[in-house]
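A quick write-up on the structure given underneath.
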Amino acid sequence: MGGNEQKYVEEAFATNWVAPLGPHVDAFAQQLAAQTGTTAAAALSSGTAALHLALIIAGVQPGDYVICQSMTFCASANPIRYVGAEPVFVDSEPETWNMDPEALKEAIAFCLKQGKKPAAIIPVHLYGMPARMNEILELARQYEIPVIEDAAEALGSTYMGKPCGGLGDMGILSFNGNKIITTSGGGALVSNRPEDAARARFLSTQAREAAPHYQHEVIGYNYRMSNICAGIGRGQMEVLAERVAQRRANHNFYREALADLPGMRFLVEPEGFFSNFWLTTVLVDPSLSGGITREQIRLELERYNIESRPLWKPMHLQPVYEGTPYFGGDVAARLFENGLCLPSGSNLDTADRSRIAELIRGLWVSETSRLNHAHV
């Protein structure tokens, strides 16, 4: 927490604004629009809810194709099924690990061959690293396909000087407890069309019409953010720049401490890309590391009660999406096989990070000693 969150929450209690509307909700939405360079935002209960509503607002219908990045968390894909549409997954490109524009071309061609223009494209800014939005948007504009930008992990990241979340037709954000800022649980939809945010607010309050009684003409949802959670969000937005700096400091520390280890590779920002480095991630190549794998690193850290995790398992490899169309190569699969998320909390200090780095380096030292002993 940054300091003012409790003040805003107490203000919500003192003024009796505890419902899913109120001055904090409105103020938080304004902060989010300003941060993402958009004209309007709707504060919602989760990033998943925001993506669900974005698909509805984009006009996605049952049976439609929606193209989605495969290398992502399931919340990027599940809302496609919520609206009865069919996901078409695409591979990542190796530099940013995000949607491969060449694989996107193949996916669009597949959909058109089936007689259906894709109803939407969902690129993801994975772990805070921006996707190649110029290429993606160029293809989307060519075929007049809406782009819903999944910036759940990328608040504070920029692409060619523009904030992530505000690059597509609509953007979605997440404030889950593990994100770079949190409202305990929450999300948002942002757009340069005020009518999109207005529609999201309408649908998120059970689509209640403007009538003295409860009048409903379309299906709605209970997706609004409470004034209390929005108060937390207001305080968190005040320290967003500090949180980004802390996450980037984690990344820089690990790179400097571990970059000399054979087989260890970090994500590097291409020119014009600015990542919040929400999580610091590494790839471990056993053919170069002397056989050390990312799983050995994970288990070694776990021995000392330090949590790390494999990268997201690609959606096209998940049992729930078995048989779903997929285009591209094996980049996402190899990332999952060899990638690891290192501890990346904003509250890590130098001693914490040094301990983690020492434990990881110890694996290489042990392996070198073993090989030397075997040689002798």
According to the square roots a ≥ b ≥ c of the eigenvalues of the Cα gyration tensor, what is the shape class of segment 265-329, taking rounded for a/c under 1.5, prolate for a/b larger than b/c otherwise, and oblate for the remainder? oblate
Segment 291-369-segment 75-131 distance, computed between alpha-carbon centres (Å): 24 Å
Among Asn250, Asn276, Asn134, which one shows the biggest mean-square fluctuation in a GNM of the chain, springs joining Cα atoms closer than 10 Å? Asn134
Candidate lysines for bridging to Lys7, where Cα separation is under 25 Å - those fewer than 8 sequence places away on the same chain excluded: Lys179
Within the set of other residues whose C-beta is less than 9 Å from the C-beta of Ala40, count the net charge using Lys and Arg as +1 and Asp and Glu as -1. -1
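If I take R0 = 41 Å and measure r between the Cβ atoms of Glu256 and Glu322 in this structure, what FRET efficiency does the formula 1/(1 + (r/R0)^6) give, to the nearest 0.05?
Computed FRET efficiency for Glu256 and Glu322: 0.45.
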Sequence gap at least 6, Cα distance under 8 Å: using those rules, report the relative contact order of segment 5-239 to the nearest whole percent. 29 percent
Longest exposed-loop-site-free stretch of the chain, with chymotrypsin sites (Phe, Trp or Tyr not before Pro), DSSP loop and at most 13 other Cβ within 10 Å? 1-213
Connecting every pair of Cα atoms under 10 Å apart in the chain and solving the GNM, the largest mean-square fluctuation among Ser287, Ser76, Ser226 falls on Ser287
Please report, in debye to the nearest 20, how large the charge dipole of the chain is about its Cα centre when each Lys and Arg carries +1 at its beta carbon and each Asp and Glu carries -1 there. 360 debye
Full extension between Glu217 and Arg334 adds, at 0.36 nm per residue less the Cα distance, a length in nm of 37.4 nm
Give me the extension gain from Lys105 to Glu238: residue separation times 0.36 nm, minus the current Cα-Cα distance, reported in nm with one decimal. 43.9 nm
Expressed as an acute angle from 0 to 90° and rounded to the nearest 10, what is the orientation of the C-alpha long axis of helix 101-113 relative to the principal long axis of the chain? 50 degrees
The chain: C-alpha gyration tensor shape, a/c 1.5 cut-off, then a/b vs b/c: oblate
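Every read-out reported here was derived from the displayed coordinates using simple, explicitly stated rules and does not represent laboratory data. Note that the structure is predicted; figures quoted are calculated from it, not measured. FYI the Cβ positions are ideal-geometry reconstructions off the backbone, even for glycines, and counts take in every protein chain you see.
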